[in-house]
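Reading through the structure tokens given below for one structure.
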Amino acid sequence: MATETAVASEFLRTVEVHAGELDRLPDGLHRIFRDDLDVLIVRSAFPAATMGHVVELLQRTEHGFVRMPQEFHDIEREQIVFYGDAMSHNSVDEQGPPMERYLANAAIWREACRQLFAADGDYETRLSAIFCSLSGGRRVDVPHYSDGRTYGPSTIRMIPSGRGAPFHIDNYFDGVEGWQYLAKTMNLQYPINFFTMMSPPEGGGEIEVSELRFNDPRSTADGAINKDDSGFASQRFSLQAGDLFAFAAGRFWHRVREVRGPRPRWTIGGFLGFATDDRTLFYWG
Ligand SMILES: O=C(O)CCC(=O)C(=O)O
């Protein structure tokens, strides 16, 4: 059954469904967009065994993805690593990825992802089917750049022990070229973030969404990360391998809690946006 949560201590409007009952939320993603819902969880969106298998493959050297450091230029230093180029900024690419590199890496990513999931059911096919069920009958697609090349459908993110994603909010991408291009045809005022848990760590690593909203006078205007998040109420979500999480990441500050134990946290995901003509739901990494 679709479980809708609205108790006082849980300030986020959350709906949780099993992958077999997506028809209960035919317009679920648009509800996040129109500020009628904050969090949507699809339990077992992908089989846990599939995720276990692909994470095992990712830890071998021949996976085919381009690994992108997120904290330090030297990829050999222990840090958060993305498999694939993300359409966002970090301390290595402060203005976001150069478009030429991003688009070249997007094509590599699609092929590497096809290979990665070859034995388990194609990732893009499954993800797109899930989004179709939750998109209110809209077309679902990965965006194209002006030259016809496609964006990447997602990225894979590895957070090692002792690290987490800092407190941040996902609507300070105005200076990122590939984001500006998307904003010409999409309403990206409050982007939606989605990811599927591939492998949870032994401890920590929960996504934690704060009550602090975009433009709250208590937040700084520049979106700087590593801010102090103490003093704000938050809700924490635990996900199992295969669970998909989509949320209003442009409305609420959020972070990933520090990963504990030897196993890294692996996720795969990106962003969702609705076309301004309201006919298409786009997703990209
Ligand atoms: O992919 C994740 O695990 C975290 C997502 C997130 O916080 C973000 O991309 O803004």
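Every read-out reported here was derived from the displayed coordinates using simple, explicitly stated rules and does not represent laboratory data. Not measured: the values here are computed from a predicted model. Quick reminder, even Gly has a Cβ in these numbers, built from the backbone with ideal geometry, and neighbours come from all protein chains shown.
Across all directions, the average flat footprint of the convex hull enclosing the Cα atoms of the chain is 14.1 nm².
Between THR150 and GLN180, how many nm apart are label points set 7 Å from Cα along the C-beta direction? With each label placed 7 Å out from Cα toward Cβ, I get 2.6 nm.
Placing a label point 7 Å from the Cα of ARG263 along the Cα-to-Cβ direction, the residues of the stretch 189-207 whose backbone N falls under 20 Å of that point are 195-207. Placing unit charges on the Cβ atoms of the charged side chains and taking the dipole of the stretch 12-284 about its Cα centre, the candidate lying farthest along the positive direction among GLY28, TRP253, HIS63 is GLY28. Using a cutoff of 8 angstrom between alpha carbon atoms and counting only pairs six or more residues apart, the relative contact order for the stretch 41-184 works out to 27 percent. Of all DSSP bridge pairs formed entirely within the stretch 12-284, close to 85 percent run antiparallel. Would the stretch 92-199 count as rounded, prolate or oblate if I go by the C-alpha gyration tensor, calling it rounded below 1.5 in a/c and otherwise prolate when a/b exceeds b/c, oblate otherwise? Verdict is rounded for the stretch 92-199. Sequence-distant contacts, meaning Cα pairs under 8 Å at least 6 residues apart, place the relative contact order of the stretch 12-284 at 26 percent.
Ignoring the sites themselves, what is the longest stretch of the chain with no trypsin sites (Lys or Arg not before Pro) in a DSSP loop and at most 14 other beta-carbon atoms within 10 Å? Counting at most 14 other Cβ atoms within 10 Å as exposed, the longest clean stretch of the chain is 78-148.
Residue farthest toward the positive end of the dipole of the chain, with Cβ of Lys/Arg at +1 and Asp/Glu at -1: which of SER128, LEU37, GLY273? Of the options given, the answer is SER128. What is the stretch 225-285 by shape, rounded, prolate or oblate, if you read a ≥ b ≥ c off the alpha carbon gyration tensor as root eigenvalues and call it rounded for a/c under 1.5, prolate for a/b larger than b/c, and oblate otherwise? Oblate, since a/c reaches 1.5 and b/c is not below a/b. With Cα atoms as the point set, the stretch 1-138 shows a radius of gyration and Dmax of 18.0, 49 Å.
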